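I have placed the structure first, in the form of structure tokens, so that the comments after it can refer back to it.
No lab work stands behind these numbers, since they all come straight from the coordinates. These numbers were taken from a predicted model, which means no experiment stands behind them. Cβ coordinates were reconstructed from backbone atoms using ideal geometry, including for glycine residues, and neighbour counts include every protein chain displayed.
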Amino acid sequence: MTRHQLNDDQWHWIPDLFPPPKATGRPATNSRVAIGGILWILRTGAPWRDLPEEFGHWRTIYGLYDKWNGDGTIDSILDRLRTAHYQGEVIDNDLWCIDGTITRAHRCAGGGEKKGIQANPMTMR
């Protein structure tokens with residue numbers, strides 16, 4: 001499952017964002033493995049319970065994701081990796097793609113009248 005994990009060059013940019021392991025208590029989850037599990041979930045769209053065991057227990061990885069998302073660590077990771085892509089000229093700063101997909105909704109979803117049903121003028125004001 002290496003395609004769902006950060007390679008060494010990408011990991012080089014972010015290890016200092018994670019706190020060092022504590023000297024006492026339960027051993028901390030490896031941050032690189034946890035990030036790999038989070039990326040696996042985000043890339044596959046699978047439920048957290050379907051996380052492969054090689055990433056650790058799904059509750060632990062979800063707890064770290066929730067904690068890191070709440071304190072801004074995930075945003076910092078994305079900012080640093082984006083910066084690395086800019087400096088490596090992987091992303092062309094002059095070219096940005098915007099998704100222009102349009103999903104049409106039924107007329108009634110936007111408040112329009114349905115066909116064949118007479119609107120009561122008293123309720124349609």
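For the residues 18, 55, what sequence is obtained by ranking on other C-beta atoms within 10 Å, fewest first? Walk me through the numbers on the way to the answer.
On the way: 18 17, 55 23.
Ordered from fewest to most neighbouring Cβ atoms within 10 Å, 18, 55 come out as 18, 55.
How charged is the neighbourhood of residue 13? Take every other residue with its Cβ under 15 Å from the Cβ of residue 13, and add Lys/Arg as +1 and Asp/Glu as -1.
Working: positive: 32, 80, 82; negative: 8, 9, 16, 75, 79.
Surrounding charge for residue 13 is -2.
How high is the relative contact order of the range 2-87, in percent, with contacts defined as C-alpha pairs under 8 Å that are six or more residues apart? Could the numbers behind the result be given before it?
Numbers: 58 pairs, mean separation 27.7, N = 86.
Taking the mean separation of contacting Cα pairs over the length of the range 2-87, I get 32 percent.
Report the FRET efficiency, 1/(1 + (r/R0)^6), for residue 59 and residue 39, where r is their Cβ-Cβ distance and R0 is 30 Å, rounded to 0.05.
Efficiency for this residue pair is about 0.95.
Please report Rg (one decimal) and Dmax (integer) in Å for the Cα set of the range 2-87.
Cα-based Rg and Dmax for the range 2-87 come out at 13.0, 40 Å.
From the phi angles alone, apply the Karplus equation (6.51, -1.76, 1.60; θ = phi - 60°) to the range 18-29 and give each ³J(HN,Hα) in whole Hz, x where the residue is Gly or Pro.
The phi angles translate into 9, x, x, x, 6, 6, 10, x, 5, x, 6, 6 Hz.
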